[in-house]
Amino acid sequence: WKYNEFYHVKTSCSQGPAYVCNITNLQPYTSYNVRVVVVYKTGENSTSLPESFKTKAGVPNKPGIPKLLEGSKNSIQWEKAEDNGCRITYYILEIRD
């Protein structure tokens with residue numbers, strides 16, 4: 001989303017006592033501003049005030065496979081896990097003979 005610009009998004013909606021829409025493809029731990037535009041048969045429209053929210057953090061991805069660092073006898077390296085907004089605190093390296 002660009003600052004101060006609103007875009008149409010794909011939704012699936014249902015109508016009951018309130019109109020409920022599910023927005024797809026939201027990113028974890030990301031702030032969004034949402035507003036509703038109602039369009040009347042006359043072509044006129046009316047826009048709600050925007051509402052801000054932040055999506056919850058997602059589950060971190062798995063880290064890469066640990067490998068012996070090339071040219072080393074005892075150093076291990078791996079690709080870091082994508083945190084998806086969860087803020088990884090630390091890694092634990094486990095070993096088995």
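Here TYR29 fits the description: in contact (Cβ under 8 Å) with a residue 40 or more places away in the chain, touching a Ser or Thr at 6+ places or on another chain (Cβ under 9 Å), outside the structural domain of ASN84 (by TED's automatic domain parsing) and not β-branched (Val, Ile, Thr).
For region 81-97, the set of residues classified as polar (S, T, N, Q) and in contact (Cβ under 8 Å) with a residue 40 or more places away in the chain consists of ASN84 only.
Of all residues in region 51-80, those that are surrounded by fewer than 11 Cβ atoms within 10 Å (Cβ to Cβ) have Cβ atoms under 9 Å from Cβ atoms of residues that are part of a loop (DSSP other than H, G, I, E, B) and of a type in the set (Lys, Arg), 6 or more apart or on another chain, in GLU51/ARG35.
If I filter region 55-66 for residues that are within 23 Å of the chain's Cα centre (by Cα) and more than 30 Å from GLU94 (Cα to Cα), do I get at least one hit? Within region 55-66, one or more residues are within 23 Å of the chain's Cα centre (by Cα) and more than 30 Å from GLU94 (Cα to Cα). In region 49-74, which residues are part of a strand (DSSP E or B) and of a type in the set (Asp, Glu)? Correct list: GLU51 only.
Take the conditions on the phi < 0 side of the Ramachandran plot, modelled with pLDDT under 90 and of a type in the set (Phe, Trp, Tyr) and apply them to TYR40. Does it pass? The answer is no for TYR40.
The values are calculated or read from the model by the stated rules, or taken from the named source; none is laboratory data. All of these numbers come straight from a predicted model, not from anything done at the bench. Using ideal geometry, Cβ is built from the backbone for each residue, glycine included, and neighbour counts are taken over all protein chains shown.
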